[in-house]
Amino acid sequence: MSARLVVLVSGSGTNLQALLDACADPSYGAEVVAVGADRGGIEGLARAERAGVPTFVHRVKDFATREEWDAALAEEVAGHRPDVVVLAGFMKLVGEAFLAAHGGRVVNTHPALSPAFPGMQGPADALAYGVKVTGCTLFLVDAGVDTGAIVAQAAVPVEDDDTVESLHERIKGAERTVLVDAVGRMARDGFRVEGRRVLLGR
Ligand code: GRF
């Protein structure tokens, strides 16, 4: 019985693509059952459609309030009965209703070594700070911004001639590896949380 993944995206969806490719191997132990986005017309949705995966779009502006958007998103995701929800470049903060419905099984990938450089500009902040090593963090989403318990991390070197784009591309390469490995292990072997520590395997 493969684990059911719902993936939320906002952009190019290269992290989603890595999961779709991994799920094509039955031994991976998971399947992407739906892909959602907060906007239409993005490559992430096109990747899902090419893979024959159902998609949905929930735009904040289509709802009277942010809370209604959050509750509707939570309900839509719940309808796909996810074992794990993956935020892969999803550029909206999920709220109370979403976390009430799915908390504890929502992972997000952040392009920095948490707790350093939270927020929307991780690679740019790392470059501006002058760090020699940055990386990526997969964590369980909580009510904060990139503050949840860490599932997995990988270090990525910063090169002297890096731009934000070249650094982010290198980080995204690491993110895809970390995401596929960790989500696969969560799917096949389960996981538990002890305080701020996430332990993979039963
Ligand atoms: C990733 O680096 C993710 O951590 C960040 O946005 C990027 C999304 O890339 N939030 P993609 O859409 O998966 O290609």
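A few comments on the model shown:
- For the residues S10, S27, the requirement of being of a type outside the set (A, V, I, L, M) and more than 27 Å from H168 (Cβ to Cβ) singles out S27.
- Pick from region 1-31, criterion within 13 Å of the ligand (Cβ to nearest atom) and assigned to a strand (DSSP E or B), ranking: surrounded by the most Cβ atoms within 10 Å (Cβ to Cβ): V7
- Within the option set G119, G89, being farther than 22 Å from V180 by Cβ, of a type in the set (G, A, S), at pLDDT below 95 and within 11 Å of the ligand (Cβ to nearest atom) holds for one residue only, G119.
- Where L113 falls short, out of the listed (1) part of a loop (DSSP other than H, G, I, E, B); (2) open to solvent by 40 Å² or more (accessible area, probe 1.4 Å); (3) more than 13 Å from the ligand (Cβ to nearest atom); (4) not assigned by TED's automatic domain parsing to the domain that holds A30: (3)
- Entirely in region 123-202, the strands (runs of 3 or more DSSP E) that have 1 or more residues that are among the polar types (S, T, N, Q): 133-140, 150-157
- Extreme residue, farthest from P111 (Cα to Cα), among residues of region 163-173 that are open to solvent by 20 Å² or more (accessible area, probe 1.4 Å) and not basic (K, R): T163
- Selection of first residues in region 50-63 that are among the hydroxyl-bearing types (S, T, Y) and of second residues that are at pLDDT 95 or above and open to solvent by less than 60 Å² (accessible area, probe 1.4 Å), restricted to Cβ pairs under 8 Å at least 6 apart or on distinct chains, gives the following pairs, ordered by first then second residue: T55/A34; T55/V35; T55/G36; T55/A37; T55/L45; T55/A48.
- Residue within region 56-68 that is under 23 Å from L167 (Cα atoms) and of a type in the set (F, W, Y) present: no
So that you can scan it fast, the table gives a plain yes or no per residue for (1) open to solvent by 10 Å² or more (accessible area, probe 1.4 Å); (2) in contact with a Ser or Thr (Cβ under 9 Å, 6 or more places away or on another chain); (3) touching a residue at least 60 places away in the same chain (Cβ under 8 Å); (4) basic (K, R):
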{"residue": "A88", "(1), (2), (3), (4)": "no, yes, yes, no"}
{"residue": "K92", "(1), (2), (3), (4)": "yes, yes, yes, yes"}
{"residue": "T109", "(1), (2), (3), (4)": "yes, yes, yes, no"}
{"residue": "T137", "(1), (2), (3), (4)": "no, yes, no, no"}
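The values are calculated or read from the model by the stated rules, or taken from the named source; none is laboratory data. Keep in mind that what you see is a predicted model, and the values were worked out from it rather than measured. We place every Cβ from the backbone using ideal geometry, glycine too, and count neighbours over all the protein chains shown. To get the accessible areas, we keep the full protein, side chains included, count just its heavy atoms, and leave off ligands, DNA and RNA. Shrake-Rupley method; radii C 1.70, N 1.55, O 1.52, S 1.80 Å.
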